[in-house]
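Here the structure comes first, spelled out in structure tokens, and everything after it is commentary.
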Amino acid sequence: MINKDLKYEDIQRLAISSRIVVFCLQIFASELVPPHVNDGFKFVDDEAKGILDRIINYLFGGMTNWDGQYFLHITKYGFSSTVILASFFLNTFIFVKSAQLLYRLSPYLDRGLNSLSTLTVILFCFNPASIFFSAFYTETLFVYLTLQVLLSLYQKKKVQAVFYASLSSVCRSNGVLNFGFCLAFSLRGALRRVDKDN
């Protein structure tokens with residue numbers, strides 16, 4: 001499988017399978033490992049919960065730590081635990097699209113040989129940090145926008161790259177670093193033109 005070219009459907013199945021594995025590991029880990037006690041903000045939901053809320057919180061509770069606490073607090077008034085459920089499915093959808101983007105981007109990075117494209121996608125889907133791509137965080141959207149920036153630059157679509165870099169800056173404050181890619185590609189293009197003229 002590592003040496004074969006993948007179709008988008010293969011990438012979609014691989015990415016969704018990885019989310020199922022991460023989901024199951026999260027439930028298992030939430031039961032075995034005590035939650036990290038952080039001194040930061042802790043969202044306390046004092047409302048009485050129905051059976052469906054308790055089930056959703058049990059299944060997805062491990063994905064509501066860290067930044068997710070802030071998002072839960074922000075969305076408390078007007079939303080219920082369906083927000084957690086919706087974010088899981090939305091992040092899974094964006095994750096699948098990110099895996100497909102990474103596969104499209106890989107040939108630009110390995111000189112068009114496609115030898116690493118499949119391995120890259122597998123490692124992206126099953127790396128230990130991929131829990132953040134299923135959790136109630138902005139990392140999933142951020143990686144999608146960052147990959148869009150890079151793909152746009154390799155396809156010589158500079159305006160589109162700046163657009164995605166701007167969106168990534170809105171998504172996360174460190175998104176401004178994506179403008180560095182835009183600058184680096186512009187400088188590389190200018191240096192190549194100067195070199196060609198000489």
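When region 79-95 is limited to residues that are at pLDDT 75 or above and over 9 Å from the mean Cα position of the chain (by Cα), the one that is surrounded by the most Cβ atoms within 10 Å (Cβ to Cβ) turns out to be Ser87. Assessment of region 120-129 against the conditions (within 20 Å of the chain's Cα centre (by Cα), in a helix (DSSP H, G or I), within 30 Å of Ile56 (Cβ to Cβ) and of a type in the set (S, T, N, Q)) yields no matching residue.
Where residues in region 131-173 are among the hydrophobic types (A, V, I, L, M, F, W, C) and assigned to a loop (DSSP other than H, G, I, E, B), which of them is nearest to Cys24 (Cα to Cα)? Ranking the candidates gives Ala135 first.
The values are calculated or read from the model by the stated rules, or taken from the named source; none is laboratory data. The shown structure was predicted, so the numbers you read here are calculated from the model rather than taken from an experiment. In this analysis, Cβ positions are derived from the backbone assuming ideal geometry, glycine residues included, and neighbour counts consider all displayed protein chains.
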